[in-house]
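Remarks on the structure that follows.
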Amino acid sequence: ARVDDDAPFMLFVNYMDAHLPYSVPRAYREMYLNDEEVERSYELRDRYGSILNALDFRFNIEGPDFLTPADRDILKRQYEAGIRYLDDRLRELIAMFEQRGLLDHTLVVIASDHGEYLDTHGMWAHRMLTYDDVTHVSLLIREPGRNRGLRIASPVQLSDLYPTVLNAALGSFDGQTAYAARDLIALAENGGAARVAVAEYNGPSPEMLDKIGENPSSTLRHRIAPQVAVTDGRYKYMASVDGTRELYDLATDPGELHNLIGSDTEQADRLAAYLRDWLNAVPKYQPPAGDVPAMDPETVRALRNLGYLEIGRAHV
């Protein structure tokens with residue numbers, strides 16, 4: 001209807017197909033799994049009561065031993081199949097714009113809010129901490145009329161989309177933007193710039209805390225501690241409210257396995273100072289005053305488990 005009216009519009013599509021429980025059509029599983037593994041992938045949905053609960057909670061709380069290495073490998077490739085499936089759905093969506101003659105004057109943004117631990121750092125899914133497994137994700141922008149692709153080497157963040165989209169849609173935007181947010185199209189045209197990006201983990205959901213109980217292990221205490229990370233593209237500094245500090249050289253250690261916090265104080269202090277300034281400059285989110293629209297309990301539960309309710313702040 002909006003297209004027929006020839007009126008400007010914004011369309012937001014939230015694909016969940018690569019999300020747990022990785023409900024991918026058989027044809028896509030067959031691209032990554034043999035016949036026996038495909039059948040096993042369906043068995044895994046209910047093998048442990050619920051694969052979502054098994055990976056989201058049990059794996060992260062009790063450990064991975066209940067899953068065989070072969071089953072873990074099947075689940076990893078099932079996730080890859082989900083990403084492959086989304087490639088086709090995006091191709092389908094963009095083709096709809098192209099067929100209607102809309103693509104040449106439509107700004108297309110493909111973004112992700114998180115990645116996925118796949119048996120890395122001892123975790124699965126994306127509920128905990130800020131390692132690159134969950135924070136280093138795709139962000140692609142197709143600007144109308146541009147024939148040559150540009151890549152920004154410096155790190156970016158989702159808040160950059162605010163000035164990027166408004167400047168592209170309005171020609172220019174002089175309003176207030178998020179702290180240190182950049183217009184990514186302008187940044188790409190200028191060849192990029194030195195930059196520090198921020199990621200936050202605000203702590204676990206109430207459901208996760210209920211399952212963990214009152215006396216978590218030291219590993220779990222760290223995993224559920226709110227955390228903030230900053231990176232300049234090479235070095236990444238992470239600070240948790242439990243006092244843990246981490247520093248990684250992403251150029252030589254992309255898996256974030258070797259903590260340099262005790263050996264490279266110069267880089268740690270530089271990024272820690274940026275983080276302190278950021279925390280002081282960015283106010284804690286406060287929900288707007290007034291009545292909240294009524295939602296059914298199932299919707300509230302789903303939003304809370306996805307992290308869209310009860311937003312806090314990691315003060316470090």
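The values are calculated or read from the model by the stated rules, or taken from the named source; none is laboratory data. Note that the structure is a prediction, hence the values are computed from the model and not measured. Neighbour counts are summed over all protein chains in view; Cβ atoms, including those assigned to glycine, are modelled from backbone coordinates with ideal geometry. Ligands, DNA and RNA are stripped out before the accessible areas are found, and what is left, the full protein with its side chains, is counted by its heavy atoms. Shrake-Rupley method; radii C 1.70, N 1.55, O 1.52, S 1.80 Å.
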_Need the failing condition index for VAL13 against (1) β-branched (Val, Ile, Thr); (2) over 20 Å from the mean Cα position of the chain (by Cα); (3) surrounded by fewer than 15 Cβ atoms within 10 Å (Cβ to Cβ), just the number._
(2)
*asked:* What are the pairs with Cβ atoms under 8 angstrom where one residue, in region 290-308, is open to solvent by less than 100 Å² (accessible area, probe 1.4 Å) and the other, located anywhere, is modelled with pLDDT of 80 or more and not basic (Lys, Arg)? Sequence gap at least six, or different chains.
replied: LEU303/MET295; ARG304/SER205; ARG304/PRO206; ARG304/GLU207; ASN305/SER205; ASN305/GLU207; GLY307/ASN202; GLY307/SER205
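Looking at TYR28, TYR79, which is the one that is over 30 Å from GLU207 (Cα atoms) and of a type in the set (Ser, Thr, Tyr)?
Numbers: TYR79 fails: over 30 Å from GLU207 (Cα atoms).
Result: TYR28 is the single residue among TYR28, TYR79 that is over 30 Å from GLU207 (Cα atoms) and of a type in the set (Ser, Thr, Tyr).
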*Filter region 64-83 for residues that are assigned to a helix (DSSP H, G or I), aliphatic (A, V, I, L, M) and open to solvent by less than 60 Å² (accessible area, probe 1.4 Å) and give the result.*
ILE74, LEU75, ALA81
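Can you say whether LEU86 is part of a helix (DSSP H, G or I), under 30 Å from ASP6 (Cα atoms) and touching a Phe, Trp or Tyr at 6+ places or on another chain (Cβ under 7 Å), as far as the supplied structure shows?
Details: part of a helix (DSSP H, G or I): yes; under 30 Å from ASP6 (Cα atoms): yes; touching a Phe, Trp or Tyr at 6+ places or on another chain (Cβ under 7 Å): yes.
Yes, satisfied.
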*Test set (1) part of a loop (DSSP other than H, G, I, E, B); (2) more than 30 Å from MET238 (Cβ to Cβ); (3) touching a residue at least 60 places away in the same chain (Cβ under 8 Å) - GLY145 fails condition number*: (3)
_Residues of region 132-142 that turn out to be in contact (Cβ under 8 Å) with a residue 40 or more places away in the chain and in a loop (DSSP other than H, G, I, E, B), as a count_ = 0
*Cβ-Cβ below 9 Å, separation at least six or inter-chain, first residue in region 61-72 and touching a residue at least 12 places away in the same chain (Cβ under 8 Å), second surrounded by fewer than 16 Cβ atoms within 10 Å (Cβ to Cβ) and in a loop (DSSP other than H, G, I, E, B): which pairs?*
ILE61/GLY213; ILE61/PRO216; GLY63/GLY122; PRO64/GLY122
*Kindly list the number of the only condition in (1) out of contact with any Leu (no Cβ under 8 Å at 6 or more places or on another chain); (2) touching a residue at least 40 places away in the same chain (Cβ under 8 Å); (3) open to solvent by less than 40 Å² (accessible area, probe 1.4 Å) that fails for LEU107.*
(3)
*Within region 215-227, can one find any residue that is under 27 Å from PRO283 (Cα atoms) and among the hydrophobic types (A, V, I, L, M, F, W, C)?*
yes
